[in-house]
Amino acid sequence: MRTLHARTTGVLALLSAACGPGSNPDPTLWSESRDSAGVTIIDNARPNTGLRLGWQVAETPALSIGALEGDEAYQLYAVEDAARLPDGRIAVANGGTSEIRFFSADGRHLVSWGALGEGPGEFAQWDPEAVSTWPGDSIMGAAWWRGRIEIFDASGNHTRTATLGDGYFSFLALMPGGDILAKPSILIGLDFRTGGSTLRRREAEFAVIAADGETRASLGVHPGDEWFFSQNPPTARPHPFGRSVLATVWGDLAVVAANDRYEIPAYDRDGRLVRIVRRNHELRVPTQAELDSVLAASWADRSEEDQARLRGLSEGMAPVEFFPAFSALHSDPHGHLWVQEYNFPGQHDNIWTVFDADGRVQGFVETPSGLDVFEIGEDYVLGTTTDELGVERVQLWPLDRRAG
């Protein structure tokens, strides 16, 4: 990223009027906008802890798909993604069976597409990792391992395969106009040699890819996931408090942000940095006691032999420099950017800071605890959760914005 030389052109803006659907203005909220070398920078205060926009997620889901026993079509395994289609159907990327499963608006299984294999319209194990609508009433499934997308028509017939950036990239989200926000499809930049730091990060290059699979623009190389490296034996795994790089489509912009700090860059389809959104945030240093507690809890249900093995693999693991500043990014049809607050050890809430289409902070919204959100729509939140028996469920929760 080029160095930005700030030139203040904006003024302090008190949000004393509504800034979009569901806004909950508060005089303590402020944003300051300025331009620097053609980049708009928006600095925001952190909302008061109790400030809620007034948007309400229902107390129970309107739809819950998933079962422990019975028809295998409802037994979900390794769900990687889900999408609500314009006609109300739910498409589920069921990585455990390498299928896209379709369910009606009331949760009935309709049909499954794809299979485990290497042919057209087939996926590797744990793919598809994403499912999305595609121009012309088609459906797309993303094959991460192969760096390609499989496109089906509305009837489930496979129409074509597109390899993204010579297989180097994989699908993350569809941008307006048909371009693709893409992330790396292979692991790069992680040094497995002995010696050196026990904390290492993968480099991650993101890009805008045209619908034919050709790279349109690079979005640069970013610090990726933070891994712990053990030398005895040589193994690596993501650090429990590890920082990472997150991305989403926000309106007509592509957002790619490392969560080392609360700074969110946004790029246009040609790869130009056009906006940076910041929010006041105090980085917190994790303790060794917090890390030890989280590690012990993660293997508490294992046998004594497994626990001893895992303790050995984790020997020498130290906390990261700082906890991540946030943990997920999404956008909604109104152009809001949703940024999920990071849960420190012992916290289980799903709290999101919501920004308007211009990057000005609006307040907090809470989604159901334990729900891994895939999609935020006009009047719903779609995601997955796992119960105490290990049953995976895809759930749709009504979202009421009228109270804001």
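The values are calculated or read from the model by the stated rules, or taken from the named source; none is laboratory data. Given the structure is predicted, the values throughout are model-derived calculations rather than measurements. Neighbour counts run over all protein chains shown; Cβ positions are idealised from the backbone, glycine included.
Annotations for the structure displayed:
- Residue check for Val381: more than 29 Å from Ser33 (Cβ to Cβ) and touching a residue at least 12 places away in the same chain (Cβ under 8 Å): yes
- Residues in segment 230-273 that are surrounded by fewer than 19 Cβ atoms within 10 Å (Cβ to Cβ) and among the polar types (S, T, N, Q): Ser230, Gln231, Asn232, Thr235.
- Within the span defined as segment 274-284, every residue fails to be closer than 28 Å to Ala142 by Cα, buried (at least 21 other Cβ atoms within 10 Å of the Cβ) and either in contact (Cβ under 8 Å) with a residue 24 or more places away in the chain or not aromatic (Phe, Trp, Tyr) (or both).
- Selection count where residues are under 15 Å from the mean Cα position of the chain (by Cα) and either part of a loop (DSSP other than H, G, I, E, B) or at positive phi (or both), scope segment 250-269: 1
- Pick from segment 122-174, criterion farther than 23 Å from Val394 by Cα and among the β-branched types (Val, Ile, Thr), ranking: surrounded by the most Cβ atoms within 10 Å (Cβ to Cβ): Thr163
Residue by residue, here is whether (1) touching a Pro at 6+ places or on another chain (Cβ under 7 Å); (2) at pLDDT below 95 holds:
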residue: Trp227; (1), (2): yes, yes
residue: Pro233; (1), (2): no, yes
residue: Asp270; (1), (2): no, no
residue: Leu283; (1), (2): no, no
residue: Trp299; (1), (2): no, yes
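- Within segment 367-378, residues that are of a type in the set (Ser, Thr, Tyr) have Cβ atoms under 8 Å from residues that are assigned to a loop (DSSP other than H, G, I, E, B) in these pairs: Ser369/His348; Ser369/Asp349, counting only partners at least 6 apart in sequence or on another chain.
- Only listed residue being within 28 Å of Leu313 (Cβ to Cβ) and touching a strand residue (DSSP E or B) at 6+ places or on another chain (Cβ under 6 Å), chosen from Ala236, Ala207: Ala236
- Within segment 49-71, being assigned to a loop (DSSP other than H, G, I, E, B), touching a strand residue (DSSP E or B) at 6+ places or on another chain (Cβ under 9 Å) and of a type outside the set (D, E, K, R) holds for Thr49, Gly50, Leu51, Leu53, Gly54, Trp55, Ala58, Thr60, Pro61, Ala62, Gly66, Ala67.
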